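This report concerns only the one structure given below.
The values are calculated or read from the model by the stated rules, or taken from the named source; none is laboratory data. These numbers come from a predicted model, not from an experiment. Note that each Cβ is placed from the backbone with ideal geometry, even for glycine, and that neighbours are counted across all protein chains shown.
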Amino acid sequence: MRVFRLQVNGDTVEVAAPEHWTLLEVLRYKIGLTGSKQGCDKGDCGACTVLLDGVPTLACLSLAATVETSAITTIEGLLPAHRANGGEGADPVQDAFDRCGALQCGFCQPGMILSAKALLAKNPNPTSQEIKQSLSGNLCRCTGYTQIYEAVVLAAKGEQV
Amino acid sequence: MLRLPKFEVKNPSTVEEAIAMMHAIDGEARFLAGGTDLNPNMKHRLFTPERVVALGGIEEMFGITQQEDGSMRIGAMATLANVASHAELGLAYPALSQAALLVSGPQLRNMGTLGGNVMLDTRCQWYNQTYFWRSALGFCMKKDGTKCHVIEGGSKCVAAASNDTAPALMTLGAELEFANATGRTRMPIADLWQADGIWNKKVAHTELLVAIHLPKPSADQRGAYGKLRDRGSIDFPLFGIAIRLDLDAQGTIFDAALCAVALQARPWPLKKAAALLCGTKPGEESFTEAVEQVAALAAKQCRPMPNIPGDHEYRHAMVSVYTKRALLAAANGDGPVHHV
Ligand SMILES: Cc1cc2nc3c(=O)[nH]c(=O)nc-3n(C[C@H](O)[C@H](O)[C@H](O)COP(=O)(O)OP(=O)(O)OC[C@H]3O[C@@H](n4cnc5c(N)ncnc54)[C@H](O)[C@@H]3O)c2cc1C
Ligand code: SF4
Ligand code: FES
Ligand code: FES
């Protein structure tokens, strides 16, 4: 066991977990943040995507023991951050995914939304090619992607207004 | 759910500390860079070290810097995303930046490092599987077993070098700076490989790749990378080919290099093919003819095996196609060559 000091969604969390656990395991099974999904658990699907210092990263292939100095954002962090910044309703990207019907089972959504968040933070007005490339590490077995891309376009427009 | 085996994690802050931690244990230890190869392999019980030495705190191993003599030093911990988005690297060494850009998907490029890509384990469809899957098959020579499922009765593992940046670094004549218990060494990347899929490198796993050095490019150096894969993202190469062309002031090629990957244990330099390009001039018939000859020769010299996924006859049919397209892309300053 090791005590990890993690910066999760703006809070400092001290949590004891086996030293060899992945960030995904610590988030899901120690901290109770189950929004980050455990899909393939080996880097293929992107369902476990979190942001480390704003950069999309696979939690299933990150050791908790190597991310203590990074600010970790999970899907659960978006709404509180949006509200803390004076926003109303849902986070604009989450809202756009909802309005576009960009989900069916929803398993890919946390990862998709975080990849989209990181893209829009860097590039508020992406081309459709840039959107596709930025989401190309997130697999969706249900939607066929079209409405997901539309949601990112809508979120980009919304953020400009 | 795939659990990691139990191990302890060390977080050194210098190269010397990392080497010491690697040796100060009776059992096995492994270096961890981005973890995008080591972690899946540990989850599959292909490696079960007792200690993991994580390299993320070693400042010396980060950064991409031009040296006074015009060469470039890339810290082994530079991520593939760093390499792919570095403007000067893209201009000076297009094959490398294109290869880095085509590795897996965005998240994996944010995590995966150039050093980890050079040191990548070889891959095989009978090996990169869970313990349960492999046990059902009766294992294989590379791990836990005695047989090879690719070459019946074969005595040597032929798992394939599948690292996209390796052929690019080969064409560029990169030098690798290693640290080990006795100090530092530098070796040309061409000397790193051996024809053994079980461990395809001449350095031990306890030696630390600190940096990759790229020589100053010639005045008109061009390059490109071509990659065959099933999908436009995430997938490892089914075949990859890197090109370097050096042109003189008249636009005639005076030096060239080609190197292929995803065939066998070593990245595969195509020296005879490269020689056919010298003396030809892009835009003229001499070059067009040479491209056809090179593509035909590449198809003779590159023989994909059923070691990695993908029909090997299809992969073979694509060798000349990708070689030709990558050559034209290099000459025209385009690339990368891939299907999406
Ligand atoms: C789904 C998926 C798709 C992928 N697709 C591709 C692809 O298309 N092309 C491709 O080339 N790769 C691919 N990869 C493999 C991997 O992501 C990359 O090769 C990456 O560059 C590995 O770097 P890393 O820093 O994550 O290495 P790690 O996993 O940290 O290390 C890899 C190996 O190198 C050793 N090592 C790492 N750094 C050093 C060092 N500095 N000195 C000595 N030894 C070291 C480790 O001990 C380990 O054995 C893929 C991986 C996944 C999971
Ligand atoms: S080539 Fe594949 S099946 Fe044969 S020994 Fe190597 S890893 Fe095993
Ligand atoms: S669960 Fe991490 S990539 Fe699939
Ligand atoms: S909505 Fe089901 S996987 Fe994307």
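Some notes on this structure:
- Any hit, the stretch B:93-101, residues being more than 25 Å from B:Tyr322 (Cβ to Cβ), surrounded by 19 or more Cβ atoms within 10 Å (Cβ to Cβ) and not β-branched (Val, Ile, Thr): no
Let's see how each residue does on (1) free of Cβ contacts under 8 Å to residues at least 60 places away in the same chain; (2) within 20 Å of A:Lys37 (Cβ to Cβ); (3) within 16 Å of ligand 2 (Cβ to nearest atom):
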position: A:Pro92; (1), (2), (3): no, no, no
position: A:Asp95; (1), (2), (3): no, no, no
position: A:Gly106; (1), (2), (3): yes, yes, no
position: A:Gln109; (1), (2), (3): yes, yes, no
position: A:Ile113; (1), (2), (3): yes, yes, no
position: A:Ala116; (1), (2), (3): yes, yes, no
position: A:Ser128; (1), (2), (3): yes, no, no
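- The condition (being closer than 21 Å to B:Ala329 by Cβ and not charged (D, E, K, R)) is satisfied by just one residue among B:Ala260, B:Ala211, B:Ala249: B:Ala260.
- Residue that is nearest to B:Ala76 (Cα to Cα) [pool: residues in the stretch B:167-224 that are in a loop (DSSP other than H, G, I, E, B) and touching a Ser or Thr at 6+ places or on another chain (Cβ under 6 Å)]: B:Pro215
- Annotation note: of B:Leu114, B:Leu102, B:Leu80, B:Leu89, the sole residue that is away from chain A (no Cβ under 14 Å) and either within 22 Å of B:Asn39 (Cβ to Cβ) or within 16 Å of ligand 4 (Cβ to nearest atom) (or both) is B:Leu114.
- All conditions but one from (1) surrounded by fewer than 23 Cβ atoms within 10 Å (Cβ to Cβ); (2) touching a residue at least 40 places away in the same chain (Cβ under 8 Å); (3) within 16 Å of ligand 3 (Cβ to nearest atom) apply to B:Gly112; the one that does not is (1).
- If the condition is being touching a Phe, Trp or Tyr at 6+ places or on another chain (Cβ under 6 Å) and assigned to a loop (DSSP other than H, G, I, E, B), then the stretch B:132-154 contributes B:Lys142, B:Gly145, B:His149.
- Restricting A:Thr66, A:Thr12, A:Thr74 to residues that are touching a Gly at 6+ places or on another chain (Cβ under 6 Å), over 23 Å from B:Val103 (Cα atoms) and more than 16 Å from ligand 4 (Cβ to nearest atom) narrows the list to A:Thr74.
- Every residue from the stretch B:296-314 that is within 16 Å of ligand 2 (Cβ to nearest atom) and aliphatic (A, V, I, L, M): B:Met305, B:Ile308
- Pick from the stretch B:88-131, criterion of a type in the set (Val, Ile, Thr) and outside any helix (DSSP H, G or I), ranking: nearest to B:Gln221 (Cα to Cα): B:Val103
- Only one entry in B:Glu28, B:Glu88 is surrounded by fewer than 19 Cβ atoms within 10 Å (Cβ to Cβ), of a type outside the set (Lys, Arg) and either within 16 Å of ligand 2 (Cβ to nearest atom) or closer than 27 Å to A:Ala64 by Cα (or both), namely B:Glu28.
- 1 or more residues within 16 Å of ligand 1 (Cβ to nearest atom), away from every other protein chain (no Cβ under 12 Å) and at pLDDT 95 or above: qualifying helices (runs of 4 or more DSSP H) within the stretch A:106-161: none
- Members of the stretch A:37-49 that are facing chain B (nearest Cβ under 7 Å) and either assigned to a loop (DSSP other than H, G, I, E, B) or among the aliphatic types (A, V, I, L, M) (or both): A:Gln38, A:Asp41, A:Lys42, A:Gly43, A:Asp44, A:Gly46
- When we screen B:Arg184, B:Arg229 for residues that are farther than 30 Å from B:Thr252 by Cα, more than 16 Å from ligand 4 (Cβ to nearest atom) and within 14 Å of chain A (Cβ to nearest Cβ), the only hit is B:Arg229.
- Residue check, A:Thr34 more than 10 Å from chain B (Cβ to nearest Cβ), more than 10 Å from the chain's Cα centre (by Cα), surrounded by fewer than 23 Cβ atoms within 10 Å (Cβ to Cβ) and assigned to a loop (DSSP other than H, G, I, E, B): yes
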